[in-house]
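What follows is a short report on a single structure.
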Amino acid sequence: QLSGPPWTLTEQVLFGWWIILSTARDNCSALNTSKDFCYSARIRSTVLQGLPFGGVPTVLALDFMGFLVLLFVFSFLRKVAWDYGRLALVSDADRDDEIREKCGEDAVHYLSFQRHIIGLLVVVGVLSVGIILPVNFSGDLLDNNAYSFGRTTIANLKSENNLLWLHTTFAFLYLLLTVYSMRRHTSKMHYKEDDLVKRTLFINGINRYAEEGQIKQHFEQAYENCVVLEARICYDVARLMYLDSERKKTERSKKFYTDLLAKEHVPTMINPKPCGHLCCCVIKGCEQEEAVSYYTKLEAKLREEYKKEREKVNTKPLDMAFVTFQNEAMAAVILKDFNACQCQGCHCRREPKSSPFSSILQTYNWTVTYAPDPQNVYWEHLSIGGLTWWLRCFIINCFLFILLFFLTTPAIIISTMDKFNVTKPVEYLNNPIITQFFPTLLLWSFSALLPTIVYYSAFFEAHWTRSGENRTTMHKCYTFLIFMVLLLPSLGLSSLDVFFRWLFDKTFLDKATVRFECVFLPDNGAFFVNYVIASAFIGNAMDLLRIPGLLMYMIRLCLARSAAERRNVKKHQAYEFQFGAAYAWLMNVFTVVMTYSITCPIIVPFGLMYMLLKHLVDRYNMYYAYLPSKLDKKIHSGAVNQVVAAPILCLFWLLFFSTVRAGFVAATSLFTFVVLIVTIIICLSHVVFGHFKYLSAHNYKVRFWKYCCLDYINGLFSHTSLRICASLCVL
């Protein structure tokens, strides 16, 4: 028990953020001979201090009021300051065809993914609240108090209670429901690609001194009946695109002031420095110039630089090219020839067909894939490749790992801040409402800041395609969020540094049991519920406000040099929807909900509430605020694969609970262990080797390539079917 003066803000946040952080860790170490600590509801925690039912009703009321306030601010900003649209439920965009036309194919798949998650949570919520919750409440291990949150959790049941079999069975059922839901989702993912894209291949590794005619002749001579419509070598156009963009901005600004001069017959003076329109006085170094004259000279300068750079571009070829064929079937055959051949799940590289130009073009170094959509390519990033790109990526991720290794969770950041007395002014705020609401708000704030750092790390890696950038963002952000929000706090750890020191400590086995006992503190789920509530109301309201976009918009307005440039900023303030970050956040909350859906079933209705609000907010933002995007289907397929991690973690949690309570040799422990191992083997076999396709979360329609090729040679197989077969077998 802790005693003495009032706790510091650090202690309040540590206890408020997941209950079991550093103090629970110390107590678990000190009381490793007794399980009463982890099963007792009498833990000194600000989450429970003076508030009934783990503070859930209080947080729900506060967050709902905060949601209404932010909604009012949103309406005000849209009408007065930002003029981005109107507050609506997008009733005129409910149909997929309208959303597809306005927002693109990716928006349809993303919203379909959300709808299937919502349907899944409806079923899980009915089962968890209707069956698991009464079973948990029927136990008598904890205090007989109607306001005790611990009575709704699995910790209220004794280890010899046969009803624990119900929990394991339902966890396995949730896994099956998740797979079934995702299969229904993927069966409706009819990704439509442009006909030109389906007939075009992207080749990397070409000799820099190769000519387009040589590439065309190589394919036509190496492959029978091959007709190449076009072969285009890529060039370094990064600076050319920058100069073109600046030139167009200058032309628009010049036209603005030319029209103004013709209308008012009075020349306009501007300060051509960043933030020049904010200067109210003329001082040395900030002299004003006549607007039309300034932009005329700037336009002439940029036009000359653009002309010189355009002439130099042909001297800067890259080792890549786009080759367009006459039909899809030939593109699929060549793609198959240059990629791995599948032999019972094993992959081997074979020598592609050759021609007299093979040695000149260095075809043995080629990497051939389907060409991405032109809108999907970062053309300015194509020049960053090879060793340069890998070195850049390595440095960025090393810096990111070092930073997040020690600052993995918000708790450790607050602890570091407290060492410098930053939090002293609010140290003595012991009001239960404040101590309950502030940690959840602080958790959400830092859990929003840290993934932003992860997101920008993917941005600065300079990926060649927007799809690659979004996939990297999704995987990195999701992995980090799961460690930050779920895994480390549940084990009473505050950073990866502490995690690895504990994992490789000599006393790991002695303290492992106590550490896993801390996962199932009676009121451990209370703050997970509060976090989901905060994400549902505060998080979704902040997504509706789009504060980062608003801040960037204000910064760009401040940096503008004139009214014309401010006008340009207002006309070009929209960005593409970040599917990678959106998927990561969505799956993070879903994973938290599914992981605790058995041990703390009350969390599921709040998770469903989050998903419903998230769906409405994202649909509104994509329809009214963001530009349409054109990504490939791999990001949506990757999201489906990651969803399966949620019910697997739920099985892990039940395995830990059963092992700690009844031992590993108990029937429930062995059954959960077997189900978990079989599930992991199936998932790994599918991801690595492509086995168990019909047991995966993807709805495959597979024909073996060898039969496809045979039918194609015999003229019995259509071009479209061959392309589908090639994409399934190769990609």
What does a probe at V123 reach in segment 608-634, counting residues whose amide N is under 19 Å from the point 7 Å along Cα→Cβ?
608-609, 611-612
Between Q326 and A61, how many nm apart are label points set 7 Å from Cα along the C-beta direction?
7.7
Counting only residues 5 or more apart in sequence or on a different chain, those whose built amide H sits under 5 Å from that of S562 are H277
Geometric extent, Cα atoms of segment 239-312 - Rg, Dmax (angstrom):
14.1, 43
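Report the extension gain between K263 and L550 in nm, rounded to one decimal, defined as 0.36 nm multiplied by the number of residues separating them, less their alpha carbon distance. Working shown, then result.
Values: separation 287, 0.36 × 287 = 103.32 nm, distance 3.29 nm.
That works out to 100.0 nm of additional length.
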Which residues qualify? For E230, with a placed amide H closer than 5 Å and at least 5 residues away or on another chain, they are T324
Residues K188 and V678, FRET efficiency given R0 of 35 Å [Cβ-Cβ distance, rounded to 0.05]:
0.80
Exposure proxy order (Cβ contacts within 10 Å, fewest to most) of L229, L335
L229, L335
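Beyond a 22 Å Cα-Cα separation, which of these cross-linked pairs lie in this structure: K336/K633; K316/K633; K316/K630; K248/K316; K254/K630?
Working: K336/K633 19 Å; K316/K633 32 Å; K316/K630 28 Å; K248/K316 24 Å; K254/K630 33 Å.
The pairs that break the limit, which is 22 Å between Cα atoms, are K316/K633; K316/K630; K248/K316; K254/K630.
Decide, for segment 620-692, between rounded, prolate and oblate: order the square roots of the alpha carbon gyration tensor eigenvalues as a ≥ b ≥ c, take rounded if a/c falls under 1.5, and otherwise choose prolate if a/b is larger than b/c, else oblate.
Details: a/c = 6.67, a/b = 2.12, b/c = 3.15.
Verdict is oblate for segment 620-692.
For W653, W379, which order do you get if you count the other beta carbons within 10 Å of each Cβ and list the fewest first?
On the way: W653 26, W379 15.
With the fewest neighbours first, W653, W379 line up as W379, W653.
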Exposure proxy check on M594, M474, M65: fewest-to-most Cβ neighbours within 10 Å is M65, M474, M594
For a Förster distance of 25 Å, can you work out the FRET efficiency between the beta-carbons of I360 and K312, rounded to the nearest 0.05?
0.50
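Read-outs throughout are calculated quantities, based only on the coordinates presented, and are distinct from any laboratory measurement. In this text, all values refer to a predicted model and were calculated from it rather than measured experimentally. Methodologically, a virtual Cβ is constructed for each residue, glycine included, from the backbone with ideal geometry; neighbour enumeration extends over all protein chains shown.
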